[in-house]
Structure formats: C-alpha cells, structure tokens
Amino acid sequence: MDVPVYNMQGSEVGQMTIDEKALGGKINPALIKQAFVRYHANLRQGSGRSKTRAEISGSGAKIYRQKGTGNARHGDKRPPHFRGGGHSFAKKRRRDDFHLDMPKKMRRKANRNALLAKLLDSEVRIVDKIDVDTPKTKEIITMLGALKIDKSAVLALSPSPERSAKTRLSARNVDGVTLVRADQLTCFELLNNRYLIIEKAELEAWLTGASSQTDKAARVDPMGKGNGLRDDRKPRPRRGHAVKQAVRDAKGKTTTKAED
C-alpha cells in the first residue's frame, strides 16, 4: 500500500509504502472493539459513591411513638424509603472494579489493525516533518486546513520533549485536536478521532518498534518497557543446602580466627 506523504503546506512530496499484512491483512472488528472497550474502561475513575442508612447524618431517634398515632411503625428517618435516606445497595465500586485486561499481543494487533482501517479509509495524513519556529496556534490551524482536515484529528508527536515542545504548545488549544505521543498511539485515540496526523519518521518507528512484536518475540526479546529487564534481574537467593553450607563456612572462619 502506497500512502502519500505531505509537507505542512499540504503539497505531496513523496510516497510511503506500508505492508498491509504487517497490520493484520484485513479488518478484525471484534478484536478492535475488545481493545477499545478495554482502553475505555480503564479510564474510569471509579469515584462514584452513595451512602447507606448508617452513613447518613442525622439523629437515630425514633421519629414518633410506636402506638397510638395511626401511622405505620417507624424508627429513625434514615431508611431507604424515606426522602433523604440511605441507599439499600450503596455504590462502593472503585477503579479496580472496572479494570479490564487483555493480552499484550492482542492489544498490539488491535492497534495495528485500527491503523489499517484508517489507511483504507484514507484518514491518515503522513507529514514529512512537523516543525514550528515559534509556538503559534495559527501555524497548526493553517496546516490542518492545508491537509483538508475537516473533522476531529489526533496529532501524534515525537516522544522527545525537545522535538515536540513547540508543536505541543501550538496545538494544545486547537479545537478538535487530540495530542498523543507517537509511541503510545492506540486504537482508542484512532477510533475516537476521524483523522490521524503523524510524521513519517514517527510512523516508521511505530511500525518497526515494540508494536510490531505480535508473536512470541514480545516475551522472549521485548522491545518495549520490558527490554533488558531479564538481564538486570537479580539472581534468586540461595536456598536449602547452599544457605546452610554458607552458614557453616562462616562459623568455621569465625572459630579459626578466635583460636588464632
């Protein structure tokens, strides 16, 4: 698949070849939806709370005497069927209760498959270089107009703060534009916005980086956060006979020094 590459003025300056098979070959809607729901659910704060009748402030005294009034029997005024009373089944769920998990290789396949869907719909704008001299919102708005961006867009910037600082300042206040790091691009941002704007170098790094490991290599030789962790892992502590033998050797050395 040949995708046009533009400059910030909207002129086509080249082509970029992307292998469709590396992105899944064909669209898998079920996989993309599963990943989207997972990313969406994990954004929930889980801060919703409601009170039981024991947590409602107020007196616990009986509102009127048991007999002789002609009314139904009641205790205090905090039961669930009273106005202002507590809830029968109060909400106490937290963020962890909404958490969903998904295998890493499936997430990566879903992210790459979502990019394939965007490419097939011609909703990806690859720019040779996104660079502004001074932080000005006008330059980003001009670029969006030149690229014919008429709907919401996600702008994937370089993970390097030095390279993306001015662009981030210029685009953070533009309506309908979401900013993400290029190495953290997921199907959630892709599906929540109509267009994707990304530099050619950043897209190539994303395609050949950690997201490309959708097989056993993701565990055996990881390129992402797990890279090098196996080598830096501390050795397992000695157990059983080795520990006892080390204690005996230490005691023997101590006894020999005392005799000397």
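The values are calculated or read from the model by the stated rules, or taken from the named source; none is laboratory data. Predicted, not measured: the structure shown is a model, and the values here were computed from it. Every residue, glycine as well, gets a Cβ built from its backbone with ideal geometry; the counts of neighbours run over all protein chains shown.
Among the residues of segment 36-54, are any within 28 Å of A201 (Cα to Cα), out of contact with any Lys or Arg (no Cβ under 9 Å at 6 or more places or on another chain) and not charged (D, E, K, R)? Let's see the steps before the verdict.
Of segment 36-54, the ones within 28 Å of A201 (Cα to Cα) are 36, 39.
Retained after the next criterion (residues that are out of contact with any Lys or Arg (no Cβ under 9 Å at 6 or more places or on another chain)): 36.
Imposing the further condition that a residue be not charged (D, E, K, R) reduces the set to 36.
There is at least one residue in segment 36-54 that is within 28 Å of A201 (Cα to Cα), out of contact with any Lys or Arg (no Cβ under 9 Å at 6 or more places or on another chain) and not charged (D, E, K, R).
Take segment 130-172 and flag every residue that is within 22 Å of the chain's Cα centre (by Cα), surrounded by fewer than 13 Cβ atoms within 10 Å (Cβ to Cβ) and either part of a loop (DSSP other than H, G, I, E, B) or among the hydrophobic types (A, V, I, L, M, F, W, C) (or both).
Within segment 130-172, S160 is the sole residue that qualifies.
What number goes with the only condition from (1) loosely packed, with under 14 Cβ neighbours inside 10 Å; (2) at pLDDT 95 or above that K216 does not pass?
(2)
Looking only at residues in segment 194-212 that are crowded, with 19+ Cβ neighbours inside 10 Å and of a type in the set (S, T, Y), which one is farthest from V124 (Cα to Cα)? Step through it out loud before you land on a result.
The first filter runs over segment 194-212 and keeps only residues crowded, with 19+ Cβ neighbours inside 10 Å, leaving 195-199, 202-203, 206, 211.
If we keep only those that are of a type in the set (S, T, Y) as well, we get 195, 211.
Details: Y195: 6, S211: 18 Å.
So, considering only residues that are crowded, with 19+ Cβ neighbours inside 10 Å and of a type in the set (S, T, Y), the one farthest from V124 (Cα to Cα) is S211.
What number of residues in segment 15-60 are among the basic types (K, R) and loosely packed, with under 14 Cβ neighbours inside 10 Å?
Of all residues in segment 15-60, those among the basic types (K, R) come to 21, 26, 33, 38, 44, 49, 51, 53.
Applying the additional criterion that residues be loosely packed, with under 14 Cβ neighbours inside 10 Å yields 21, 26, 33, 49.
Residues flagged as among the basic types (K, R) and loosely packed, with under 14 Cβ neighbours inside 10 Å within segment 15-60 amount to 4.
Which members of segment 11-50 meet the condition of being over 24 Å from the mean Cα position of the chain (by Cα) and part of a helix (DSSP H, G or I)? Break it down stepwise before answering.
Restricting attention to segment 11-50, the residues satisfying the condition of being over 24 Å from the mean Cα position of the chain (by Cα) are 11-21, 25-26, 49-50.
Hit for segment 11-50 is K21, nothing else.
Tell me, which residue of segment 113-129 that is closer than 19 Å to S212 by Cβ and among the β-branched types (V, I, T) is surrounded by the most Cβ atoms within 10 Å (Cβ to Cβ)?
Applying the first criterion (closer than 19 Å to S212 by Cβ) to segment 113-129 yields 113-119, 124, 126.
This time we only want the ones that are among the β-branched types (V, I, T), so: 124, 126.
Values: V124: 21, I126: 23.
Across segment 113-129, the extreme among qualifying residues is I126.
Within segment 106-128, work out how many residues are under 15 Å from K33 (Cα atoms), of a type in the set (K, R) and more than 13 Å from the chain's Cα centre (by Cα). Please lay out each step first, then the result.
Just the residues of segment 106-128 that are under 15 Å from K33 (Cα atoms), to begin with: 106-118.
When the remaining residues are screened for being of a type in the set (K, R), the result is 107-109, 112, 118.
Those left that are additionally more than 13 Å from the chain's Cα centre (by Cα): 109, 112, 118.
Number satisfying all stated conditions: 3.
Looking at G240, G209, G252, G226, which is the one that is closer than 28 Å to D19 by Cβ and modelled with pLDDT under 80?
Values: G240 fails: closer than 28 Å to D19 by Cβ; G209 fails: modelled with pLDDT under 80; G252 fails: closer than 28 Å to D19 by Cβ.
Exactly one residue qualifies, and that residue is G226.
Quickly run through segment 173-193 and pick out the residues that are acidic (D, E) and surrounded by fewer than 15 Cβ atoms within 10 Å (Cβ to Cβ). Before you say what the answer is, go through the steps one by one.
So in segment 173-193, the residues acidic (D, E) come out as 175, 183, 189.
Matches in segment 173-193: D175 only.
Check segment 66-79 and report whether any residue there is surrounded by 12 or more Cβ atoms within 10 Å (Cβ to Cβ), of a type outside the set (V, I, T) and closer than 28 Å to T214 by Cβ.
No: segment 66-79 contains no residue that is surrounded by 12 or more Cβ atoms within 10 Å (Cβ to Cβ), of a type outside the set (V, I, T) and closer than 28 Å to T214 by Cβ.
Got a sec? Which of R49, R38 is touching a residue at least 60 places away in the same chain (Cβ under 8 Å) and of a type in the set (D, E, K, R)? Break it down into steps so the answer makes sense when it comes.
On the way: R49 fails: touching a residue at least 60 places away in the same chain (Cβ under 8 Å).
From the options R49, R38, the qualifying one is R38.
Checking E259 against (1) more than 18 Å from the chain's Cα centre (by Cα); (2) modelled with pLDDT of 75 or more; (3) farther than 19 Å from N113 by Cα, which single condition isn't satisfied?
Against the list (1) more than 18 Å from the chain's Cα centre (by Cα); (2) modelled with pLDDT of 75 or more; (3) farther than 19 Å from N113 by Cα, E259 comes up short only on (2).
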